[in-house]
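One structure is given here, and the rest of the page talks about it.
Just so it is clear, none of the values below were taken in a lab; they were calculated from the coordinates. In this text the structure is predicted, and so the values were computed from the model without any measurement. A quick note on method: Cβ atoms are made from the backbone with ideal geometry, for glycine too, and the neighbour counts reach across all protein chains shown.
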Amino acid sequence: MAEPLRHPPGTFDVLPGESAAWEDLLALFARVAAAAGYGLVITPTFEDIRVFQRIGESTDVVRKEMYDFVDKGGRHIALRPEVTASVARAFIEHRPPLPWKAWYAGSNFRFERPQAGRFREFHQVGVEAFGSADPDLDVEVVTVGWDFFRALGVTALEVQVNSLGDAKCRPAYRELLLAYLRDRRDELCVDHRARLEENPLRVLDCKKPECRAVTAGAPRQADHLCDECGAHFERVLGGLRQAGVVHQLQPFLVRGLDYYTRTAFEYAGLALGSAQDALGGGGRYDGLVAAMGGPDTPAVGLALGVERALLALEAEGASAKDRRRLDAFVVDLTGGEAARDLSTSLRREGFRVDRAFDSRSAKAQFKAADRSGARLALVVGPDETEAGTVGVKDLTAGGEQVSVPRSGLAAHLRAVLG
Ligand code: AMP
């Protein structure tokens, strides 16, 4: 016997019912993003691999985790490991007028070791804003994510924020950090001992206890900002305070990808364990568009993990409500035509209606109606057909079946369902 077919490691299925929470989450993000003037952008899930190589040659995401292949046309393709680079590519390709504010939702692919909250195909929602270096735009972006999480029901939430400086002040800080780390190279984890020179900032991001112990006393970028970056950061922090966004300075927050300048931030879900508490993050990436061959364009954005957001909700004990409840279930005792025609016309009038198939017995149809979770059963038997009526029975509150003329059914349902 062949092995049964199963989903690949690191992926999952979301079935109807469970997916209600996903639908709600996506609709909510769309609403919060639109309220701040962001429009939906849709880009391909795969791109020329160079689109992603530009975002961080020294990062694990690009070095080790990309799903890439040569397609039948001989093109070197990668499934996207994140969306920002694709949106930046689209921006450069289409040159929309500035400021350009876009939101997205979709899957990303990373060849990681699957574990709780870490998948090989995972989903993100996010926003990107191109064309302004104004720190108030950083505040807007952080606040969009904050307001989204709060509206979703995640309450144990904190934003960690840092400034990474810019091309003017980061090189000097990098040297300072490198000198500090070189003196302690032997105490670092094996990986970072080898890769220290390539990108010392990465060490700050390392979760291994050896590296943590070393970096605890390391110089901090926030103490070595140039005047412009310092003023920018002050304005961001003031704006977050003003917006009521609970935040904390995290001096060693560097983010996974190479392209960030100035503001970097992450949302921490305080109800989750440290391996999965990163609910999302983002930052300013003023250098990315130019690095990808476009015009010099400042930009800032965020990406939130959908699976992580749902895990955070679960950890806080907030069960997602299933709002996709059926209004009515048609029970047809005349052979099926009434069920077919009544369900079609009621659906067209805006009701959520289901029915049983295969000419089941009355008992089986009532059982199916109960199981469906529908609020009402609409019963059509020979008497109702004759009289032009429908029997309406409340399945949740109980009570007698009432007879309603077919012509007044929609109005009756609206009144009953509120
Ligand atoms: P990153 O681009 O790595 O900063 O990811 C942004 C957010 O996406 C993270 O904070 C997580 O919430 C989520 N995320 C990243 N990688 C994964 C993964 N492999 N599985 C599930 N969620 C992920």
Positive-pole candidate from 330, 141, 415, dipole of the chain, charges at beta carbon:
330
Using alpha carbon positions and the Kirkwood radius, the Rg to Rh ratio of region 115-160 is 1.06
Report, ordered by chain and residue number, the lysines lying within cross-link reach of residue 64, taken as a straight Cα distance under 26 Å and ignoring same-chain residues fewer than 8 apart.
72, 207, 208
Given Cβ point charges of +1 (Lys, Arg) and -1 (Asp, Glu) and nothing else, what value in debye, to the nearest 20, does the dipole of the chain about its Cα centre take?
320 debye
Compute the acute angle (0 to 90°) between the alpha-carbon long axis of helix 19-35 and the principal axis of greatest extent of the alpha-carbon atoms of the chain; round to the nearest 10°.
60 degrees
Which of 39, 391, 117 ends up with the largest GNM mean-square fluctuation for the chain, with Cα atoms connected below 10 Å?
391
So the angle from the long Cα axis of helix 306-315 to the longest Cα principal axis of the chain, reported in degrees to the nearest 10, equals 70 degrees
Per DSSP H run of at least 4 residues, take -39500 (n - 2.57); add these up for the chain, divide by its residues and hand me the 222 nm value, nearest 500 deg cm²/dmol.
-10500 deg cm²/dmol
Can you give the Kirkwood hydrodynamic radius for region 328-417, in Å, rounded to one decimal and based on Cα pairs?
12.8 Å
With +1 on each Lys and Arg Cβ and -1 on each Asp and Glu Cβ, how big is the dipole of region 278-390 about its Cα centre, in debye rounded to the nearest 20?
200 debye
Test item: Cα-centred dipole of region 328-417, Lys/Arg +1 and Asp/Glu -1 on Cβ, debye
380 debye
Could you tell me which GluC sites (Glu not before Pro) in region 175-205 are loop residues by DSSP with no more than 14 other beta carbons within 10 angstrom of their beta carbon?
197, 198
Acute angle (nearest 10 degrees) that the helix 84-94 long axis makes with the longest principal axis of the chain, alpha-carbon atoms
90 degrees
Lys/Arg Cβ at +1, Asp/Glu Cβ at -1, dipole of region 1-135 taken about the Cα centre: which of 32, 9, 61 is farthest positive-ward?
61
Hydrodynamic calc, the chain: Kirkwood Rh from Cα pairs, then Stokes-Einstein at 25 °C with viscosity 0.890 mPa s, so D in µm² s⁻¹ is 99 µm²/s
